[in-house]
Amino acid sequence: MKKISILLALLTTLTLFGCSKGNEVSGRSMRSAYKSVNYIKNRLPSETRIEFEMSFWMLRDEIKNKSDFLSEVGGQTPEELIEIGKALYQKRKSAGYKEYEKFNSWDQMISHYNQERLDQNKKRKKPDPRDEGNSVIYKL
């Protein structure tokens with residue numbers, strides 16, 4: 001009976017330990033980093049999803065070396081990565097990046113890209129006329 005309770009306690013501990021890093025970007029490899037970013041962004045509220053994605057890709061653009069990039073993003077939570085993205089935006093804005101000249105602030109840039117994404121999604125929602133005959137429901 002003692003062995004079963006010890007095994008159950010060990011299994012519970014391992015499960016909790018394994019699930020605790022679900023909200024952090026993996027820094028083991030580029031593939032695992034992309035997978036974890038995709039996993040995290042799909043679970044974020046829509047208000048912060050664009051900020052998270054923009055921050056990740058801005059940082060990837062800034063740090064070209066894969067190992068340096070992975071060490072920078074490894075273990076970062078979405079909130080921490082967004083703060084890094086905001087600091088990087090300010091750095092680039094003060095350096096005179098042309099892409100950022102049309103935006104007065106980080107929030108304005110995020111709202112612009114958020115609206116752009118909404119417009120793209122509206123266009124995609126129209127059904128393709130070629131799909132009308134591709135029904136999986138059979139008429140008996």
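Of everything in the range 29-74, what is farther than 18 Å from L88 by Cβ and hydroxyl-bearing (S, T, Y)? Give them in sequence order.
The answer is S29, S32, Y34, S36, Y39, S46, S67.
Of all residues in the range 1-47, which are part of a helix (DSSP H, G or I), at pLDDT 90 or above and surrounded by 10 or more Cβ atoms within 10 Å (Cβ to Cβ)?
M30, S32, A33, Y34, K35, S36, V37, N38, Y39, I40, K41, R43
From the set of residues in the range 48-65 that are in a helix (DSSP H, G or I) and polar (S, T, N, Q), which is surrounded by the most Cβ atoms within 10 Å (Cβ to Cβ)?
The selected residue is S55.
Yes or no, residue by residue, for (1) surrounded by fewer than 18 Cβ atoms within 10 Å (Cβ to Cβ); (2) touching a Ser or Thr at 6+ places or on another chain (Cβ under 7 Å):
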| site | (1), (2) |
| --- | --- |
| S67 | yes, no |
| S71 | yes, no |
| G85 | no, yes |
| Y89 | no, no |
| K93 | yes, no |
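What number goes with the only condition from (1) modelled with pLDDT of 90 or more; (2) part of a helix (DSSP H, G or I); (3) surrounded by fewer than 14 Cβ atoms within 10 Å (Cβ to Cβ); (4) within 14 Å of the chain's Cα centre (by Cα) that G75 does not pass?
Just one mismatch for G75, condition (2).
The values are calculated or read from the model by the stated rules, or taken from the named source; none is laboratory data. Being a predicted model, the structure only gives us computed values, none of them experimental. Here Cβ is always computed from backbone atoms with ideal geometry, including for glycine, and neighbour counts include all displayed protein chains.
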